[in-house]
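To start, the structure under review is shown below, and the notes come after it.
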Amino acid sequence: MRRKLAAGNWKMNGTGADLAEVTAMQAGLPKGAEAPEVLICPPATLIQRMAAMAAPIAVGGQDCHSAESGAHTGDLSAAMLLDAGASHVILGHSERRTDHGEQDEDVRAKARAALAQGLTVVICVGETQAQRESANTLGIIGGQLAGSIPDLVTGDRLVVAYEPVWAIGTGLVPTTDQIGEVHGFIRQRLERRFGAGVGRSVRLLYGGSVKPGNAAEIFAVADVDGALVGGASLKAKDFLPIIQALADAGAREQGQ
Ligand code: PGA
């Protein structure tokens, strides 16, 4: 049984004042066996402060460099994230791929560096609108998975987030059939490459315009083990209902 994961990606949002939202989230977290794991990836400037107060919420980075140290102005190494209190790092987010030209091989090198430090990696894949329209979605996802995930992974330290680029921050969401098709495909590819044991234990998140109003429907899809949430993770009033919907989905599965 994979533990559900609700991950928040704060992107370039948040200063010290916003830690009050984390306090409000802590107070409203679901309790009990079905309680999902909750992760927030704030801007790097907040990692240390958030990690000092957020438990049981885990804290992660939004990117790291592939090198251990050196002349890379503005970058952060995986060891620095760990030192600041992060346990996870998002890698290959479409905004990194677009804004910074990150390629699959960059993501793979970063993932290798993060795994070597003991971080859990959340590797993002997803097709653009044009790729979906040219019926190329699974080809693109397959290529990104093959290129971005290192060979040496364990199921507990790898999370894959399917984030269609056209659904991020747009309010557009794929149908549940479309999400199910891609998640099933990702599961199959992971099992084929890493074997059934590892492949079945990797958590698969859906991301892209997840909101309190659509979360339950998305979490009912097979092979959706949680969500990577952008805008709706910034405020407790939005993130908590999503976390609760995930806890409810977990309780339903356990009751089956
Ligand atoms: P969104 O972002 O929830 O604001 O669409 C998701 C993401 O980019 O991780």
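Sorting 165, 89 by solvent-accessible area of protein heavy atoms yields 165, 89, largest first, with a 1.4 Å probe. Taking every protein chain into account, the 1.4 Å probe leaves residue 193 with about 90 Å² of accessible area, to the nearest ten. Its Cα gyration tensor gives the chain an equivalent ellipsoid, and the semi-axes of that ellipsoid, as √(5λ) in whole Å with the largest first, are 24, 23, 18. Distance from the alpha carbon centroid of region 90-131 to that of region 18-89 works out to 17 angstrom. Distant-in-sequence amide contacts of residue 65, defined by a placed amide H-H separation under 5 Å and a gap of 5 or more residues or a different chain, comprise 76, 77, 78. Positive contributions from Lys and Arg (+1) and negative ones from Asp and Glu (-1), summed over other residues with Cβ under 13 Å from the Cβ of residue 69, come out at -3. For residue 91, the residues whose amide H sits under 5 Å from its own are 122, 123, 124, ignoring neighbours fewer than 5 places away on the same chain, with H placed 1.01 Å from N.
Remark: region 125-255 carries a charge dipole of roughly 220 debye about the Cα centre, counting +1 on each Lys and Arg Cβ and -1 on each Asp and Glu Cβ. Over all other residues within a Cβ to Cβ distance under 14 Å of residue 58, the charged ones net out to +2, with Lys and Arg as +1 and Asp and Glu as -1.
Toward the positive end of the charge dipole of region 1-144, about the Cα centre and with charges on Cβ (Lys, Arg +1; Asp, Glu -1), which of 59, 144, 78 goes farthest? Toward the positive end, the furthest listed residue is 59. For region 188-205, 3J(HN,Hα) computed residue by residue from phi via the Karplus equation (6.51, -1.76, 1.60; θ = phi - 60°) reads 4, 4, 5, 5, 5, 7, 10, x, 4, x, 5, x, 7, 9, 6, 7, 10, 9 Hz, glycine and proline entered as x.
If R0 equals 35 Å, the separation of the Cβ atoms of residue 138 and residue 237 corresponds to a calculated FRET efficiency of about 0.45.
Just need the relative contact order of region 126-256 here, percent rounded to a whole number, with Cα pairs under 8 Å and 6+ apart. Relative contact order of region 126-256: 23 percent. The charge dipole of the chain, taken about its Cα centre with unit charges on the Cβ atoms of Lys, Arg (+1), Asp and Glu (-1) only, comes to about 440 debye.
Using the rule -39500 (n - 2.57) for each DSSP H run of four or more residues, divided by the residues of the chain, the 222 nm mean residue ellipticity is -13000 deg cm²/dmol. Other residues with beta-carbon under 13 Å from the beta-carbon of residue 15 carry, at +1 per Lys or Arg and -1 per Asp or Glu, a net charge of -1.
The values are calculated or read from the model by the stated rules, or taken from the named source; none is laboratory data. Just so we're clear, the structure is a prediction, and the values are computed from it rather than from any experiment. FYI the Cβ positions are ideal-geometry reconstructions off the backbone, even for glycines, and counts take in every protein chain you see. Side chains included, ligands, DNA and RNA excluded: accessible areas come from the protein's heavy atoms. Shrake-Rupley method; radii C 1.70, N 1.55, O 1.52, S 1.80 Å.
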